[in-house]
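The values are calculated or read from the model by the stated rules, or taken from the named source; none is laboratory data. If you're wondering where the values come from, they're calculated on a predicted model, not measured in any experiment. We place every Cβ from the backbone using ideal geometry, glycine too, and count neighbours over all the protein chains shown. With ligands, DNA and RNA removed, areas are computed over all heavy atoms of the protein, side chains included. Shrake-Rupley method; radii C 1.70, N 1.55, O 1.52, S 1.80 Å.
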Number of protein chains: 2
Amino acid sequence: MASSVSASTLAGRLGDGWRGRDPVLAPALAHELRAQVIDGRLPVRARLPSERSLAAALGVSRGTVGRAYDELTRTGFLRRTQGAGSWTALPDGARPGVGLRVTLPGGVAPDVVNLSVAAPPAPEGLAAAAARALDELPRHTAGMGYGAAGIDDLRQAVAERFSARGLPTRPGQVMVCGGAQHGLHLVLGLLCKPGDRVLVDDPGYPRTLTAIAAARCRPVAVPLTPDGWDADAWEHAIRHTRPALAVTVADFHNPTGRTMPAETRARIVAACARAGTTLVIDETNAELRLDGPPLPPPVATFERGPTVITVGSLSKASWGGLRVGWVRASGRAVGELAAVRADQDAASPILEQLVATQLVRDLDAALPARHRLLAQRRDALIGAVARHAPHWTARMPHGGLCTWWDLGRAVSSSLCEAALGAGIHVTPGSAFTAGTTGERFLRLPYVLAEDELEDAVARLAALEEGLVPIDAARPSRRAALDAV
Amino acid sequence: MASSVSASTLAGRLGDGWRGRDPVLAPALAHELRAQVIDGRLPVRARLPSERSLAAALGVSRGTVGRAYDELTRTGFLRRTQGAGSWTALPDGARPGVGLRVTLPGGVAPDVVNLSVAAPPAPEGLAAAAARALDELPRHTAGMGYGAAGIDDLRQAVAERFSARGLPTRPGQVMVCGGAQHGLHLVLGLLCKPGDRVLVDDPGYPRTLTAIAAARCRPVAVPLTPDGWDADAWEHAIRHTRPALAVTVADFHNPTGRTMPAETRARIVAACARAGTTLVIDETNAELRLDGPPLPPPVATFERGPTVITVGSLSKASWGGLRVGWVRASGRAVGELAAVRADQDAASPILEQLVATQLVRDLDAALPARHRLLAQRRDALIGAVARHAPHWTARMPHGGLCTWWDLGRAVSSSLCEAALGAGIHVTPGSAFTAGTTGERFLRLPYVLAEDELEDAVARLAALEEGLVPIDAARPSRRAALDAV
């Protein structure tokens, strides 16, 4: 993406720590800029300020910045184009996310501790819901069994759930599909053509990035700041790149766990509406508030037009093995999405939809137990990190399934590789980013049992100790995210 | 596609009937050629023989052919390019398949007679299989429920079924998916990029064409002759267009009901292997042999390499409401397809896969009842046509779910439109073709009850009587397909 960093922003991000490293300022500045590109504090392919303006912002001579830029250019971390300025880069044409290794669901051997999938086991009520669904099945078996938009009962139940959450919804606005990810795949198929831009968070959900790549679209990555979404940066990116789609997880963001404030929701909805960009809101985690303040109203409540498409799922609130989710959109868009789906996999299975109908209707009764379980596991995970790796920092998530750790050093890929050898499957930070290297971050979900989490964290911390960071820089004194 | 018709082939197709129409031969020849383009006996965008060679083949003067070609050029049914010859066309840039109107599954009102979907109701054993599956469910609910390639038991059961049919298969060669159509969608996603060519039958299954269009690939349509697949034409098209994929239904072809002979299987597999074309064989109907000779060996038995990918499904052998099918390919391709799927809709539902496992294991016991039911309905449909529309002709299918009627006149779209107004939903011939107009053909599935079929055919025949064919030509004396 075509991002750029202003002199004052960059000076702020650099802080003063770099000055103490070397009595000669230029190599120290080059070292710090290089470290920030590698560990993900500065995006790759970002336009840096001019030598003159950065020198002014830092209070150093223009020659110091010039020599630092020269050094970075020589080592491949900067590209300079006559008249177009200086751009961050990776040496030898390396691309961010080269370390991407997303676990194939099901591809994990049974004896491996799987920290790569943020999906909880099935709830207790599943068997009872399935038994009731079985009683309903004969009402449907005389028919052909197809219905690309889903069975009426489930569309009704999902519409009622949206309405109860403050987003009035008719059943005709709901299309049943195979999960939130499937919803995004269908929306990409309907609204995007190869080469279109799709705005994403950096960091964001890895399969959002792979779905965009599969649709041959181009991700435009907008960095999350330590405080969450940067509404200015979103507005800027939407205005300047006019993406066909923008995708985010506003409630308990994956991987950071952040929740988007109401005023940011209003601003990005308005920016998308102005640009003709469809905003896809992934509500997979919206039913998983564990504690903390109440959630702001759903993002789709901030618009009156067709700007926002909401995708949701039972995969986290109930069980991923169901493969039932939904898309909420205008009635017209639902019809068009159903036509897209009819050519792909026709429809969702009837029996599974009947089970899902029961589960959606009973969600209020089932969720408290799930919330208690996840809160216990979250607290166990955070406690384990505090005991075994107290130098890792993360912001406490109030919902969802994930913690996002700043390891303090660019060791994420090395750590995940070492972990795999030790029987722990965990996804490196690089998988979550389209614009930075992500090498300083690690996502740890809290879906496994407490003792498994304790053991896994202890082993990860021991492995991390012996690793050499890929930038070989000393740990930064500034954490990109607040401490727990 | 770039098809061409030789002088001797065209002379054979024209026969002698056209000569009696008009004492002046040129307008009669032009009329017959125009009628054959409109009603689908001649493809659109086919290269016609030179005036000289057609004149020789027909035993008429070159001037007669020249005047006929001039007349067709003037009325838009022929395009002539200096040095590149004469090509069939439609006036005003009309494209074949403009009448395409594929029923959206589930989009049919309850009081409409639905002859647009060839899908039978659920078998009697479904409830029992579902109850047994429910007992198995607890073995799976402790896990996360994802597994893009499917659960082991189902992969094993499908592999055993393939092996029993004479195609030795390991479970690792089987990927579970949401039906044969879904399998094709995944293969297109893995192997094709926008602009790639995909060879298809003309006529062929409509959703094959729409899936190819959705993948932004280009169909290369090879006409089926009245005798079935034309191996020479397949070899020619593969050699000259080097398609990335070729797709066909070799066992009880949809819509024609034909079965590909063993020697044709061997030839097209070899042609695909030589060109590096992956051959996708849709076996949706392979378990639905009602009578007639035994089926030849599965197409994939004719190769030793990775040329053939087989897709199959329980949708017709059991029930479409299950949404369970499979892809059989090399173990490596299965892994790659699973990765494609993981980014789209993750996996198939566990419960549905457990039901499907039971149904696949019990298929031998369940199929005879299904075969008896479908044979009765087929015979009822054919009897109804013989009573109410004896001028329609079709070849008797020995399996599958469809009959393909030659109406004798180019009225298919008009008939389907009139039928819709009368509460009967049926798909026009144009939906089944990428290279011709299909206007003379109508697909009638035999999945509804006998009395519904009798009533629907009587009403369709009455509607057809009053229609004016779009070519306003007299009915041809030659049927493109043999009589029943």
Report whether or not A:Glu287 is charged (D, E, K, R), open to solvent by less than 50 Å² (accessible area, probe 1.4 Å) and at pLDDT below 95. no
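For every residue, the table says whether it meets (1) open to solvent by less than 10 Å² (accessible area, probe 1.4 Å); (2) at negative phi; (3) modelled with pLDDT of 90 or more.
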site	(1), (2), (3)
B:Trp405	yes, yes, yes
B:Ala410	yes, yes, no
B:Ser414	no, yes, no
B:Val426	yes, yes, yes
B:Ala434	no, yes, no
B:Glu439	no, yes, no
B:Leu442	yes, yes, yes
Is it true that A:Gly76 is open to solvent by less than 70 Å² (accessible area, probe 1.4 Å), in contact with an Asp or Glu (Cβ under 7 Å, 6 or more places away or on another chain) and free of Cβ contacts under 8 Å to residues at least 24 places away in the same chain? yes
Looking at (1) farther than 16 Å from A:Lys316 by Cα; (2) within 14 Å of chain B (Cβ to nearest Cβ), which one does A:Leu401 not meet, given that it meets all the others? (1)
Only one of A:Ala130, A:Ala149 is facing chain B (nearest Cβ under 10 Å), modelled with pLDDT of 85 or more, in a loop (DSSP other than H, G, I, E, B) and surrounded by 19 or more Cβ atoms within 10 Å (Cβ to Cβ); which? A:Ala149
Filter result for the condition that a residue is buried (at least 19 other Cβ atoms within 10 Å of the Cβ), within 14 Å of chain B (Cβ to nearest Cβ) and not acidic (Asp, Glu), over A:Pro194, A:Pro203, A:Pro223, A:Pro219: A:Pro219
Members of the range B:35-58 that are open to solvent by 70 Å² or more (accessible area, probe 1.4 Å) and in contact with a Ser or Thr (Cβ under 9 Å, 6 or more places away or on another chain): B:Arg45, B:Arg47
Which count do you get for residues in the range B:119-159 that are in contact with a helix residue (DSSP H, G or I) (Cβ under 7 Å, 6 or more places away or on another chain) and among the basic types (Lys, Arg)? 2
Suppose the filter is surrounded by fewer than 21 Cβ atoms within 10 Å (Cβ to Cβ), polar (S, T, N, Q) and either in a helix (DSSP H, G or I) or at pLDDT below 95 (or both); does A:Gln156 pass it? yes
So is A:Gly143 touching a residue at least 12 places away in the same chain (Cβ under 8 Å) and either at positive phi or open to solvent by 20 Å² or more (accessible area, probe 1.4 Å) (or both) or not? no
Would you confirm, using the coordinates I've provided, whether B:Thr210 is within 13 Å of chain A (Cβ to nearest Cβ) and among the hydroxyl-bearing types (Ser, Thr, Tyr)? yes
Could you say whether any residue in the range A:348-363 is more than 14 Å from chain B (Cβ to nearest Cβ), closer than 24 Å to A:Gly145 by Cα and among the hydrophobic types (A, V, I, L, M, F, W, C)? yes
Go through (1) surrounded by fewer than 19 Cβ atoms within 10 Å (Cβ to Cβ); (2) farther than 25 Å from A:Pro349 by Cα; (3) in contact (Cβ under 8 Å) with a residue 12 or more places away in the chain for A:Asp230 and report which single condition fails. (3)
Of residues in the range B:374-391 being under 24 Å from B:Arg41 (Cα atoms) and in contact (Cβ under 8 Å) with a residue 24 or more places away in the chain, the one surrounded by the fewest Cβ atoms within 10 Å (Cβ to Cβ): B:Ala386
Taking strands (runs of 3 or more DSSP E) that do not extend beyond the range B:171-231, which have at least 2 residues that are modelled with pLDDT under 95 and not β-branched (Val, Ile, Thr)? B:218-223
Filter the range A:300-337 for residues that are facing chain B (nearest Cβ under 10 Å) and surrounded by fewer than 24 Cβ atoms within 10 Å (Cβ to Cβ) and give the result. A:Gly335
Could you please give the count of residues in the range A:234-247 that are in contact (Cβ under 8 Å) with a residue 40 or more places away in the chain, more than 14 Å from every other protein chain (Cβ to nearest Cβ) and outside any loop (DSSP other than H, G, I, E, B)? 5
Counting only residues that are open to solvent by 10 Å² or more (accessible area, probe 1.4 Å) and closer than 21 Å to A:Glu283 by Cβ, the range A:233-246 contains a total of 1
The number of residues in the range B:411-435 that are in a loop (DSSP other than H, G, I, E, B) and in contact with a Gly (Cβ under 8 Å, 6 or more places away or on another chain) is 2
